Amino acid sequence: DVKVTQSSRYLVKRTGEKVFLECVQDMDHENMFWYRQDPGLGLRLIYFSYDVKMKEKGDIPEGYSVSREKKERFSLILESASTNQTSMYLCASSSYRIYTFGSGTRLTVV
Amino acid sequence: GQQVMQIPQYQHVQEGEDFTTYCNSSTTLSNIQWYKQRPGGHPVFLIQLVKSGEVKKQKRLTFQFGEAKKNSSLHITATQTTDVGTYFCAGLWRDDKIIFGKGTRLHILP
């Protein structure tokens, strides 16, 4: 089975902190994605990557950046966390446009 | 622009009743996918429909893709408590763009 692993299930950070959310997939997928999920708003795409060192903005990239130094790892960075970034963050990888999601990181910014 | 609308947002059914969720696109889709997210879990791929008018079944779940490839439905016959969760459709276009619907949250009343 394809596995997408997110480093933390729950995270609490202070406003202004720099936050790293890590995601690793083990099936050699080229495509990786970061979404945030909020009640009533569904899944919103933050950033995606189709290759190492490649990144593309999604629908809501403001306040976020990403890093993809290795094929299996895609990191989401909150440069200066704010309370409106409290959310569930889901990483996904895809092959033939079928998505496999990680278990999610529930981030609370206080 | 490309949009995917999913209705209803919430549905409560008695155990044993049927359930249907609908997904509509403003433009013609290439494919449509369905995912299920259990409470506290992450979206898991269920199925992909590709052909106009396609109907696929998975046990008590029936998936349909409209003739015009602009709409789709998921029907569950005789719901069980294990069906609880949020069902998402995801529309895919030829340019590789994918947009998730906001999901239908299904509650089962015992």
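For region B:39-84, the ratio of Cα radius of gyration to the globular rule of thumb 2.2 N^0.38 Å stands at 1.29. Modelled spin-label separation between residue A:83 and residue A:51, with each label point placed 7 Å from Cα along the Cα-to-Cβ direction: 4.4 nm.
Explain nothing, just the number: dipole magnitude of the protein assembly as shown about its Cα centre with +1 on each Lys and Arg Cβ and -1 on each Asp and Glu Cβ, in debye rounded to the nearest 20. Spell out each step's value before the answer.
Working: 29 positive and 22 negative charges, 13 e Å.
Using only the charged Cβ atoms, the result is roughly 60 debye.
What is the distance in Å between the Cα centres of region A:35-110 and region B:25-98? Distance between centres, Cα-based: 23 Å.
Solvent-accessible surface of protein heavy atoms, probed at 1.4 angstrom with all chains present, puts B:74, B:46 in the order B:46, B:74, largest first. Taking amide hydrogens as placed 1.01 Å from N in the peptide plane, the amide H of residue A:13 sits under 5 Å from those of A:108, A:109, A:110, each at least 5 positions away in sequence or on another chain.
Using Cα pairs closer than 8 Å and at least 6 residues apart in sequence, work out the relative contact order for chain A, in percent. Walk me through the intermediate numbers first.
Values: 292 pairs, mean separation 40.0, N = 110.
Result for chain A is 36 percent.
Note on residue A:67 and residue B:20: the model spin-label points, each 7 Å out from Cα along the C-beta direction, lie 5.1 nm apart. Taking a sphere under 14 Å around the Cβ of residue A:108 and counting the other residues whose Cβ falls inside, with K and R at +1 and D and E at -1, yields a net charge of +3. Over the protein assembly as shown, the fraction of Cα-Cα pairs per 5 Å bin, rounded to whole percents and listed from the shortest bin up, is 1, 7, 15, 18, 18, 16, 12, 8, 4, 1, 0.
So for chain A, what are the equivalent ellipsoid semi-axes in whole Å, largest first, each being the square root of 5 times an eigenvalue of the Cα gyration tensor?
Rounded to whole Å, the semi-axes are 22, 14, 13.
When the other protein chains are added to the chain by itself, burial of at least 50 square angstrom of heavy-atom accessible area (probe 1.4 Å, ligands and nucleic acids ignored) affects these residues of region B:78-106: B:96, B:100, B:102. Accessible surface calculations at 1.4 Å, restricted to protein heavy atoms, place region A:4-109 at 48 Å² per residue. Taking the average, over residues, of other Cβ atoms within 10 Å as the packing measure, peptides B:18-27, A:14-23 rank B:18-27, A:14-23 from highest down.
In Å², rounded to the nearest 100, what is the total accessible surface buried by chains B and A against each other with a 1.4 Å probe? It would help to have the intermediate numbers written out before the result.
Numbers: alone 6240 and 6330 Å², together 11070 Å².
Interface area, both chains combined: 1500 Å², rounded to the nearest 100.
Accessible area ranking (1.4 Å probe, heavy atoms, ligands and nucleic acids excluded), largest first, for B:77, A:83, A:100: A:83, B:77, A:100. For chain A, the residue among A:6, A:40, A:19 whose Cα projects farthest onto the positive side of the dipole built from Cβ charges is A:19. In region B:1-63, Cα pairs under 8 Å separated by at least six residues give a relative contact order of 23 percent.
How large is the Kirkwood hydrodynamic radius of chain B, counting all unique pairs of alpha carbons, in Å? Please list the in-between numbers first.
Numbers: mean 1/r = 0.0722 Å⁻¹.
This gives a value of 13.9 Å.
Per residue of peptide B:27-38, the mean number of Cβ atoms on other chains within 10 Å of the residue Cβ is 1.
The values are calculated or read from the model by the stated rules, or taken from the named source; none is laboratory data. All values reported here derive from a predicted model rather than from experimental measurement. Glycine also receives a Cβ, built like all others from the backbone with ideal geometry; neighbour counts cover every protein chain displayed. Side chains included, ligands, DNA and RNA excluded: accessible areas come from the protein's heavy atoms. Shrake-Rupley method; radii C 1.70, N 1.55, O 1.52, S 1.80 Å.
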